[in-house]
Amino acid sequence: MAKFHYALVLLFIAVCAVGVNAGFRLKISRHWRIFLATDAVILALYTAWDVWAIENHNWRFDSKQIVRINLFGILPIEEILFFILVPLMTVLTYLALKKLGAKYGRSVAP
Amino acid sequence: MIYSDIAMDAVLLAVLADLFVLRTQMITRGIFWLTYGLILPFQLLTNWWLTSKNIVMYSATEIIGRRLAGAPIEDLLFGFSMILATLSLWEFFLALNRRSTKK
């Protein structure tokens, strides 16, 4: 089971994302184009940084704690999913707080 | 300490993009800082899991060495840059979409 240690983090974020999306009725799927455009930029920049950093030994992953599907030969698939799930969770958190602000008057947005 | 350098550059680039390229001014909005403040403890939690179990290991020569919740302090800069870039891009594409559907 150790090979799912990194994947467990992703599962945790995914569960939070589904919960927040449903709980706050954010209907994020309606904005899939906006999210796709946003994450395409994030994925391009941060996977490039990640690949470069791994190649240059800035950091490395324990091969026993990842599922061992690597992109470009060296980038664990968990990292790709991380760069999709974390931006998704970021947007959901932002939308949920915006909704709360709108509901309880005194908007936090200018 | 190349990770330290790149992480600082990432924050700088995200701020410059937010203010002058995408012109979303996220860092001037309270809602942005509220969102960041809410995500930060979760970043520390996942950082702690990933580093305390040595799932990810950092080269000692590429970081300044100060750590928070197990992870190099540089990770805070990385996380901030990604959250800012994400929300800035989101608002940018949202506005772009609104403008194109209005026509």
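Here A:Leu26 clears all of (1) outside any helix (DSSP H, G or I); (2) free of Cβ contacts under 8 Å to residues at least 12 places away in the same chain; (3) not small (Gly, Ala, Ser) except the condition numbered (2). For B:Leu76, the criteria (1) crowded, with 18+ Cβ neighbours inside 10 Å; (2) under 30 Å from A:Ile66 (Cα atoms); (3) out of contact with any Gly (no Cβ under 7 Å at 6 or more places or on another chain); (4) within 11 Å of chain A (Cβ to nearest Cβ) hold in every case but one, which is (4). In the range A:55-73 there is no residue that is in a helix (DSSP H, G or I), surrounded by 12 or more Cβ atoms within 10 Å (Cβ to Cβ) and touching a Gly at 6+ places or on another chain (Cβ under 9 Å). Of all residues in the range B:4-17, those being more than 12 Å from the chain's Cα centre (by Cα) and either in contact (Cβ under 8 Å) with a residue 40 or more places away in the chain or closer than 15 Å to B:Phe92 by Cα (or both) number 3. Tell me whether the range B:42-52 contains one or more residues that are buried (at least 20 other Cβ atoms within 10 Å of the Cβ) and under 12 Å from B:Leu84 (Cα atoms). There is no residue in the range B:42-52 that is buried (at least 20 other Cβ atoms within 10 Å of the Cβ) and under 12 Å from B:Leu84 (Cα atoms). Taking the range B:14-30 as the range and being assigned to a helix (DSSP H, G or I) and surrounded by 13 or more Cβ atoms within 10 Å (Cβ to Cβ) as the test, the residues that pass are B:Ala14, B:Val15, B:Ala17, B:Asp18, B:Leu19, B:Met26, B:Ile27, B:Gly30.
Being part of a strand (DSSP E or B), of a type outside the set (Ser, Thr, Tyr) and at negative phi, is that true of even one residue in the range B:36-56? Please lay out each step first, then the result.
Let us first name the residues in the range B:36-56 that are part of a strand (DSSP E or B), namely B:56.
Filter again for of a type outside the set (Ser, Thr, Tyr), leaving B:56.
After this cut, where a residue has to be at negative phi as well, the list is B:56.
Scanning the range B:36-56 turns up at least one residue that is part of a strand (DSSP E or B), of a type outside the set (Ser, Thr, Tyr) and at negative phi.
Per the listing B:Thr86, B:Thr24, B:Thr46, B:Thr35, the residue uniquely closer than 20 Å to A:Cys16 by Cβ and touching a residue at least 12 places away in the same chain (Cβ under 8 Å) is B:Thr35.
Evaluating A:Gly23 against the criteria (1) at positive phi; (2) loosely packed, with under 12 Cβ neighbours inside 10 Å leaves one unmet condition, (1). Scanning the range A:35-71 for residues that are within 17 Å of B:Leu87 (Cβ to Cβ), in contact (Cβ under 8 Å) with a residue 12 or more places away in the chain and facing chain B (nearest Cβ under 10 Å) yields A:Phe35, A:Thr38, A:Asp39, A:Ile42, A:Tyr46.
Laboratory data are not the source of any read-out in this text; all were calculated from the coordinates shown. Keep in mind that what you see is a predicted model, and the values were worked out from it rather than measured. In this analysis, Cβ positions are derived from the backbone assuming ideal geometry, glycine residues included, and neighbour counts consider all displayed protein chains.
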